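The values are calculated or read from the model by the stated rules, or taken from the named source; none is laboratory data. Predicted model, so just to flag it, every value in this text is computed and none were measured. Every residue, glycine as well, gets a Cβ built from its backbone with ideal geometry; the counts of neighbours run over all protein chains shown. The protein model used for the area step is the full one, side chains on, heavy atoms only, and it has no ligands, DNA or RNA in it. Shrake-Rupley method; radii C 1.70, N 1.55, O 1.52, S 1.80 Å.
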Amino acid sequence: MKKLSLVVLAMAMSVGGVAQAGGDAAAGKAKAKTCAGCHGASGISNNPAWPNLAGQKDAYLIKAMKAYRDGTRKDPMMSPMAKNLSDADIANLAAYYSSLK
């Protein structure tokens, strides 16, 4: 019974995390036009120095973009790009890129 309770609790926590991160993929697609120059129109970069974003987990993308925005992660290209993103922008971009194959 204890194991079942832990499984149910873990499932509830993971569903809650997804619900909190859930952004609007359509709004993210519109916002992603700025990102396409480096990360590709469909989230696949032509330059090996820049990561592919398509198919990445939304929680990872949210964490990375917030870190660039807040200055805890620094990159000469990404830091200025992320500086003016709102939490909603970040959630929307993450929803869009995580929805791609």
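If R0 is taken as 25 Å, the Cβ-Cβ distance between residue 99 and residue 47 corresponds to a FRET efficiency of 0.65.
Need the list of aspartates and glutamates near residue 29 for cross-linking: C-alpha distance under 13 angstrom, and skip anything on the same chain fewer than eight residues off. Once the sequence-local aspartates and glutamates are set aside, what remains near residue 29 is 89.
Counting only protein heavy atoms and a probe of 1.4 Å, the accessible surface of segment 15-101 is 58% carbon and sulfur.
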